[in-house]
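The values are calculated or read from the model by the stated rules, or taken from the named source; none is laboratory data. The model shown is predicted, which means the values in this text are computed figures rather than measured ones. For neighbour counting, all protein chains shown are included, and Cβ atoms are generated from backbone atoms with ideal geometry for every residue, glycine included. When the accessible area is computed, the model is the full protein with side chains, heavy atoms only, and any ligands, DNA or RNA have been set aside. Shrake-Rupley method; radii C 1.70, N 1.55, O 1.52, S 1.80 Å.
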Amino acid sequence: MPKERIGIMGGSFNPIHGRHLEMASCALKEAKLDRVVFLPTGNPPHKREGLEDAEHRYEMTRLAVSGMAGFEPSRIELERKGTIYTVDTLAAFHKLYPNAELYYIIGEDTLFDLPNWRKPDKVFELTRFLVCRRATHTPEDDPRCEAIRKRGCKFTFLSLPPRDVSSTAVRQALLEGRDPEVLKPQVTEYIRLMGLYQVPAIPAEGERYYQKLKKNLSEKRLLHSLLVSWTARRLARLHGVDETEAAAAALLHDCAKCMPLAGMQRIAREHRLLLDKLTLQTGNLLHGPAGAVVAEQEYGITDPNVLSAIRCHTTGKVGMLPLDMIVFLSDKIEPSRRSYPALEEVRRLAQESLPAAMSHSLRSTLDYVKSQKGIPHPATQRVADWLERLMAKQRSNENDE
């Protein structure tokens, strides 16, 4: 039986960004690894200043690799006390996976620093290295390569083109209110909810909401909620809507989604929610109204605008406010949504006009349901018709001017 080939990607991940994922993906493919394990450092001997708490860095790593085939996070360096050295981590891996071959993924600058690591000769016995270039020159021409090979170090350069991504620049961009492209949206949103890297926490209760959602939602649903919140923030900024309300409503929009249908129905009965029979019989519809109750009672939400956006995000409602539309649309267009015929057009329209994007989204839903010989929810038709009237009135006013 062939040995399992395990890649190890260690680092402070402060925060984890796209270059880390590029390196791991290239190593996975070129070294034919079975998986890559990401190891956020717990108490590293260097890089302590400005380092976020290990639990936050682990959670960002976990979120970044969620759903990516062949990638997984590990807490092995977080759960050990004292200063952590790579030689100890590699020894621990060999105990956990005695029949595995280990491949440590590093950058070119780290390669030439290996002789300065703790017990380097032992490290060379325990792992091979997969090295990403940091410059355009041919690294094999560097005389240090031969010297380090003579020490017993086994390494291979990956074909990934050089690209320097500065974590310091990433953190500065966040502090300036920008969304760095090298960060996955869910990582950016986690940072803003937690108030990491001196970024103001918006909403102020974001960390408490997140920790409670983490207990009540599936991993997939939690990731979706983060992405909806990330999308809602961007739309709120574009359309002049309060970002705090948008982030809170979007983050909590599915807070009841993973409840059993019977539990949602009990909430509807106890709180005398005036709902139609179809909504009461379908969790995909009922989790909106039930979620508004849960958000108020269990998460402490008192803002009626936030509760309204949660309540109507499944079917919409006549008279929707911009915040309602933002949460409804963000749920439909967040980055992980699988492609459907109207998706890209709704995304485009959402940048320009919330009613237009809503109208296009609802009309495409109605057309799809009818094509499947289904019966659309009455509210969907009513909201679509109301939006048509609203936009017609807006066009008329513009022509009069």
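Per-structure values
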| quantity | calculated |
| --- | --- |
| The range 120-163, residues that are of a type outside the set (Gly, Ala, Ser), in contact (Cβ under 8 Å) with a residue 60 or more places away in the chain and in a loop (DSSP other than H, G, I, E, B) | Thr127, Leu158, Leu160, Arg163 |
| Top-ranked residue of the range 134-162 - restricted to ones that are out of contact with any helix residue (DSSP H, G or I) (no Cβ under 6 Å at 6 or more places or on another chain) and of a type in the set (Lys, Arg), ranked as surrounded by the fewest Cβ atoms within 10 Å (Cβ to Cβ) | Lys150 |
| Residue within the range 188-199 that is in contact with a Lys or Arg (Cβ under 9 Å, 6 or more places away or on another chain), in a helix (DSSP H, G or I), over 15 Å from Glu59 (Cα atoms) and among the polar types (S, T, N, Q) present | yes |
| Hey, Ala268 crowded, with 20+ Cβ neighbours inside 10 Å, assigned to a helix (DSSP H, G or I) and at pLDDT 95 or above or not | no |
| Total residues in the range 203-235, condition under 19 Å from Val306 (Cα atoms) and touching a Ser or Thr at 6+ places or on another chain (Cβ under 7 Å) | 9 |
| Among the residues listed as Leu321, Leu329, Leu307, the single one being open to solvent by 70 Å² or more (accessible area, probe 1.4 Å), at pLDDT 95 or above and closer than 24 Å to Thr279 by Cα | Leu321 |
| Checking Leu261 against (1) in contact with a Gly (Cβ under 6 Å, 6 or more places away or on another chain); (2) of a type outside the set (Phe, Trp, Tyr); (3) within 26 Å of Arg234 (Cβ to Cβ), the condition it does not meet | (3) |
| Pairs where the first residue, in the range 56-80, is surrounded by fewer than 20 Cβ atoms within 10 Å (Cβ to Cβ) and the second is at pLDDT 95 or above and acidic (Asp, Glu), C-beta under 7 Å, 6+ apart | Ser66/Glu219 |
| Cross-chain or 6+ apart pairs with Cβ under 7 Å, the range 374-401 first and free of Cβ contacts under 8 Å to residues at least 24 places away in the same chain, then hydrophobic (A, V, I, L, M, F, W, C) | Pro376/Leu366; Pro376/Val369; Gln381/Leu366 |
| From Thr89, Thr110, Thr83, residue being of a type in the set (Val, Ile, Thr), within 19 Å of Phe13 (Cα to Cα) and assigned to a loop (DSSP other than H, G, I, E, B) | Thr83 |
| Complete set of residues in the range 19-62 that are farther than 15 Å from Gly7 by Cβ, modelled with pLDDT of 95 or more and of a type in the set (Gly, Ala, Ser) | none |
| Close pairs from the range 10-26: first assigned to a helix (DSSP H, G or I), partner among the hydroxyl-bearing types (Ser, Thr, Tyr), Cβ under 6 Å, at least 6 apart | none |
| Matching residues, the range 190-219, being surrounded by 14 or more Cβ atoms within 10 Å (Cβ to Cβ), among the basic types (Lys, Arg) and under 16 Å from Gly300 (Cα atoms) | Lys212 |
| Every residue from the range 154-195 that is among the basic types (Lys, Arg) and either at positive phi or in contact with an Asp or Glu (Cβ under 8 Å, 6 or more places away or on another chain) (or both) | Arg163 |
| Count of residues meeting criterion [among the hydrophobic types (A, V, I, L, M, F, W, C), touching a Lys or Arg at 6+ places or on another chain (Cβ under 7 Å) and either under 24 Å from Asp179 (Cβ atoms) or open to solvent by 20 Å² or more (accessible area, probe 1.4 Å) (or both)] in the range 1-20 | 1 |
